[in-house]
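Visitor: So that we are looking at the same thing, I have put the structure below in structure tokens.
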Amino acid sequence: MSRFNHVQFVISAAAPAQFPADLGTEVAFVGRSNAGKSSAINAIVQRQGLARTSKTPGRTQLLNFFELGPQRRLVDLPGYGYANVPEKHRSTWPPLINALRERASLKGLFVIVDARRGVKDGDEGLLEWAQPTHRVHVLLSKADKLTRNEAAAALRSASEALAGRASVQLFSALRGNGVEEAQDTLRAWLA
């Protein structure tokens, strides 16, 4: 049984005017292209195919809003870094993302980082982008691709790199590792 009983797609916004009303609480899911954002969303809300996944970087090209309850939303953002997307599309993302940053309803960010890659410059830039009032939680995705020792080292390294600016955990959408912990965090932020 899902811990999020009311989950539905709201809109794919191509312009800030299309965003839902700036009321309630929103949590954004962000990360490098192909880090596993959509897979993480699907695993956390336990809805297969809610957020569209692809092996091709750049599948998410708009800001996708999902409702998890009355005035409780999750926002799936386009990935940063390499994306197989024409520049004319990619150039529309910064104004969208900056408009999201200014919303009073945005309370936190789930930053998806491939556990095999660790926290990189793009992730650091995102931490700087976050408002001081935003909570930040890092999911070290694809942890199932690491041995137990490698996973422990990745968690330790990420904790050191984040230096208290964000909470961090290991996560695997494929195996379900860390899903309950991520659900607890998301539910607490949306409360």
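Visitor: Does A83 satisfy the criteria of being crowded, with 20+ Cβ neighbours inside 10 Å, at pLDDT below 85, within 29 Å of S159 (Cβ to Cβ) and not polar (S, T, N, Q)?
Guide: Taking the combined requirement at face value, the residue satisfies it.
Visitor: Here's something else I'd like to know. Assuming E180 fulfils every condition listed in (1) within 20 Å of N42 (Cα to Cα); (2) modelled with pLDDT of 95 or more; (3) surrounded by 13 or more Cβ atoms within 10 Å (Cβ to Cβ); (4) charged (D, E, K, R) apart from one, which condition is it?
Guide: (3)
A quick yes/no check of all residues on (1) in contact with a strand residue (DSSP E or B) (Cβ under 7 Å, 6 or more places away or on another chain); (2) touching a residue at least 12 places away in the same chain (Cβ under 8 Å):
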{"site": "P95", "(1), (2)": "no, yes"}
{"site": "N98", "(1), (2)": "no, no"}
{"site": "R116", "(1), (2)": "no, yes"}
{"site": "D123", "(1), (2)": "yes, yes"}
{"site": "K142", "(1), (2)": "yes, yes"}
{"site": "K145", "(1), (2)": "no, yes"}
{"site": "A154", "(1), (2)": "yes, yes"}
{"site": "N177", "(1), (2)": "yes, yes"}
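Visitor: Within the range 1-41, track down each residue that is of a type in the set (S, T, Y) and in a helix (DSSP H, G or I).
Guide: To start, the set of residues in the range 1-41 that are of a type in the set (S, T, Y) comprises 2, 12, 25, 33, 38-39.
The answer is S38, S39.
Visitor: So for the range 100-118 (the condition being part of a helix (DSSP H, G or I), within 27 Å of Q46 (Cβ to Cβ) and among the aliphatic types (A, V, I, L, M)), does at least one residue qualify? Don't jump to the end; show me each part of the working.
Guide: Initial filter on the range 100-118 (part of a helix (DSSP H, G or I)): 100-101.
So of that shortlist, the ones also within 27 Å of Q46 (Cβ to Cβ) come out as 100.
Filter once more, so that each one left must be among the aliphatic types (A, V, I, L, M): 100.
The answer is yes, given that some residue of the range 100-118 is part of a helix (DSSP H, G or I), within 27 Å of Q46 (Cβ to Cβ) and among the aliphatic types (A, V, I, L, M).
Visitor: Could I ask something else about it? Going through the range 144-165 one residue at a time, which ones are under 15 Å from A115 (Cβ atoms) and either crowded, with 19+ Cβ neighbours inside 10 Å or of a type in the set (A, V, I, L, M) (or both)? So that I can check it myself, show each step before the final result.
Guide: If we filter the range 144-165 for residues that are under 15 Å from A115 (Cβ atoms), which is where we start, we get 144-162.
Selection gives L146, A151, A152, A153, A154, L155, A158, A161, L162.
Visitor: Now a separate question. If you go through the range 120-141 one residue at a time, do you hit one that is surrounded by 22 or more Cβ atoms within 10 Å (Cβ to Cβ), at pLDDT 95 or above and in a helix (DSSP H, G or I)?
Guide: No, the conditions are met nowhere in the range 120-141.
Visitor: Right, something else. Looking at R175, R165, R156, which one is among the basic types (K, R) and assigned to a helix (DSSP H, G or I)? It would help to see each step written out before you state the result.
Guide: Details: R175 fails: assigned to a helix (DSSP H, G or I); R165 fails: assigned to a helix (DSSP H, G or I).
Being among the basic types (K, R) and assigned to a helix (DSSP H, G or I) holds for just one of R175, R165, R156, which is R156.
The values are calculated or read from the model by the stated rules, or taken from the named source; none is laboratory data. Remember, predicted model here, so these are calculated numbers, not experimental data. Heads up, the Cβs are rebuilt from the backbone with ideal geometry, glycines too, and the neighbour counts pull from every protein chain shown.
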